[in-house]
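Every read-out reported here was derived from the displayed coordinates using simple, explicitly stated rules and does not represent laboratory data. The structure presented is a predicted model; accordingly, all values stated were derived computationally and were not measured. Cβ placement follows ideal geometry from the backbone for every residue including glycine, while neighbour counts extend to all protein chains displayed.
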Ligand code: PLP
């Protein structure tokens, strides 16, 4: 009897659910899918609006405002070749595509491509070159990029010249008929040198040379290299763009259709793509990029000034100072000066730097940068350990140099932490 009753209840529930589903007819679904929810992101829209909306529209089947995580490796085809534009997730994934469109909009570029890491993105750019091609890059390049160039691509016949790019003459004198690419990083890591992007673009105007700018330290909020004449912008998305120290990813943004096809081919053929879950996390990160960057810059300014007045500190490298050698160019090409600061101590020793780093409480000692939380690092023994000592000293990277990634905590607390750590 009881079993019978349960059976009747089950059936009637099923009928109720069916009724609900039937209310929303197939025709309604088609109508909903046809409705154009796309916001027309034009170049006049301001950064924050683009950060929140570009590349994203409500999910056509449910209306979900957040881009779904399409956690799938493959897509069903009705008949061979009859599909909805998606075949296999190494080649295409809707969550990744939404992110690529979003990042392109933030760099005022036509195309965006994302990779498994910043170095994977750099690797893809290098694979567009041929043995014998020459590349000019900066002499205080991020250590991992330097390692990729010298330890991997030199072995495949590419030739690199590392010069002090703050003087454009050093670049000009290296350009020859084999030069195919100029790789700029500005501000540089960790010396915060500023390279004049428009100046470099002018040098190669009309020549068959591509200009790539690693824009990781600025983020697209502070600087848009394509507007200054760069061909490709590269980002370690891991840093400010993702912003929460929970993702490793890289990106390339560019306008040139042919070059984009070449890079998309490499992205698929070499296969260094990020997963959809990470693409989702970065889409969430970019929604607050403008707000985070404003706070990073405000805190950066307070801390840079505090350090400059500290009796034990020797030099502070931050492009917002009027006496920073690149200040005027930074003012021209950046919207603000960000939260990356390096400083050296009057007692220039690894031992003293180590002591300070061990005493930090809020400035956690860790590789990486650009997250909401403040971090500290010792480039000579961490990020730049792969650069020979004599090479790094030439660019001012001393033994005591400490790099800070100033987070978005309250500046007073960060200053109190510096106060106790410097002793
Ligand atoms: N470029 C810069 C300026 C970096 O700081 C980093 C990493 O620290 C990279 C590139 C490499 O990016 P990823 O670690 O995402 O491969």
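May I ask for the angle, rounded to the nearest 10°, between helix 276-286 and the longest principal axis of the chain, with both axes built from Cα atoms and the value confined to 0 to 90°? On a 0 to 90 degree scale, this one is about 60. Between residue 308 and residue 265, the simple spin-label model (points 7 angstrom out along Cα→Cβ) gives 5.0 nm. As a length-normalised measure over Cα pairs under 8 Å and 6 or more apart, the relative contact order of the chain settles at 16 percent. Once you order the gyration tensor axes a ≥ b ≥ c over the Cα atoms, which shape class does the chain get: rounded for a/c under 1.5, otherwise prolate or oblate by comparing a/b with b/c? Because a/c hits 1.5 or more and a/b exceeds b/c, the chain counts as prolate. Angle check, please: helix 94-106 long axis (alpha carbons) against the longest principal axis of the chain (alpha carbons), in degrees 0 to 90, nearest 10. Rounded to the nearest ten degrees, it is 40.
Could you tell me which of rounded, prolate or oblate describes the stretch 43-139, using a ≥ b ≥ c as the square roots of the eigenvalues of the alpha-carbon gyration tensor, with rounded for a/c under 1.5 and, failing that, prolate when a/b is larger than b/c and oblate otherwise?
oblate
Here the Debye sum runs over all C-alpha atoms of the stretch 128-232 as equal scatterers in vacuum, and log10 of I(q)/I(0) at q = 0.14, 0.17, 0.21, 0.24 Å⁻¹ comes out as -0.49, -0.74, -1.15, -1.46. Per-residue Cβ neighbour counts within 10 Å put 75, 317 in the sequence 75, 317, beginning with the fewest. Compared with the dominant Cα axis of the chain, that is its longest principal axis, helix 411-422 is turned about 40°.
Once you sort the root eigenvalues of the Cα gyration tensor of the stretch 192-316 as a ≥ b ≥ c, which label holds: rounded (a/c under 1.5), prolate (a/b larger than b/c) or oblate (the other case)? Oblate.
Helical runs (DSSP H, four residues minimum) scored at -39500 (n - 2.57) apiece and divided by the length of the chain put the mean residue ellipticity at 222 nm at -11000 deg cm²/dmol.
Just to be sure I understand: of the beta bridges DSSP finds with both ends in the chain, what percent are antiparallel, rounded to 5? Walk me through the intermediate numbers first.
Working: 22 of 41 bridges.
If I count the DSSP bridges inside the chain, around 55 percent turn out antiparallel.
Beta bridges from DSSP with both residues in the stretch 289-422: antiparallel share about 85 percent, rounded to the nearest 5.
Full extension of the chain segment joining residue 202 with residue 365 gains 54.7 nm, where the gain is 0.36 nm per residue of separation less the Cα-Cα distance.
Across the stretch 289-422, counting alpha-carbon atoms alone, Rg and Dmax equal 14.2, 40 Å.
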